Amino acid sequence: MRTVSPCDTWVYALRLPHDPRAARVARMTVRSVLHSHGRLEVLDAVELLTSEMVTNTYLHTNGPASLRLTALADGRMRVGVWDSHPRIPAPFGRPPCDQVPLAPAHADGGRGLGLVQEYADCWGGVPLGDSPFDRRAGKLLWFEVKG
């Protein structure tokens, strides 16, 4: 039996090292992939939110991360970011109840996950285990935007 995938669906995956340049690599990858598929209507939001999520993996974990871009048949784009830390931050825990407080105006950071609340149509997080010997350890955070 053959499985047929509609031509407007696709998946890209990228493994990212624990490196301060990972967010830039993720942004460039998102921009290239979305341009090549003509998905310019979601480019800015996906690039911004992906960059924020990959930056957080670098800042809050000590290991590698993975990025997965998925174009769904109904025009939605799903982006997932895996990292090795099991804690699921707000707003990914229980939307929409688990809101991120606004960062103080003078703060250098703290706005990234609030941007997910603002620009993503839906989001979530899945814990994958917390054993250092479990290859599935960590979490997967994801968001979707509609095209």
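The values are calculated or read from the model by the stated rules, or taken from the named source; none is laboratory data. Quick caveat: nothing in here was measured; it's all calculated off a predicted structure. Using ideal geometry, Cβ is built from the backbone for each residue, glycine included, and neighbour counts are taken over all protein chains shown. Just the protein is used for accessible areas: all its heavy atoms, side chains included, with ligands, DNA and RNA removed. Shrake-Rupley method; radii C 1.70, N 1.55, O 1.52, S 1.80 Å.
List of remarks:
- For segment 32-57, filtered to residues that are touching a residue at least 24 places away in the same chain (Cβ under 8 Å) and of a type in the set (Gly, Ala, Ser), the residue that is surrounded by the fewest Cβ atoms within 10 Å (Cβ to Cβ) is Ser51.
- Some residue of segment 77-93 being under 25 Å from Leu128 (Cα atoms), over 15 Å from the mean Cα position of the chain (by Cα) and at pLDDT 95 or above: no
- Members of segment 58-97 found to be touching a helix residue (DSSP H, G or I) at 6+ places or on another chain (Cβ under 7 Å) and touching a residue at least 24 places away in the same chain (Cβ under 8 Å), listed by number: Tyr58, Ala65, Leu67, Leu69, Met77, Val79, Val81, Asp83, His85, Pro89, Pro91
- Number of the condition not met by Ala137 [criteria: (1) modelled with pLDDT of 90 or more; (2) open to solvent by less than 50 Å² (accessible area, probe 1.4 Å)]: (1)
- Members of segment 59-71 found to be surrounded by fewer than 19 Cβ atoms within 10 Å (Cβ to Cβ) and either in contact with a Gly (Cβ under 6 Å, 6 or more places away or on another chain) or modelled with pLDDT of 95 or more (or both), listed by number: Ser66, Arg68, Thr70
- Scanning segment 73-85 for residues that are in contact with a Lys or Arg (Cβ under 6 Å, 6 or more places away or on another chain) and either more than 26 Å from Leu34 (Cβ to Cβ) or buried (at least 16 other Cβ atoms within 10 Å of the Cβ) (or both) yields a single hit, Gly80.
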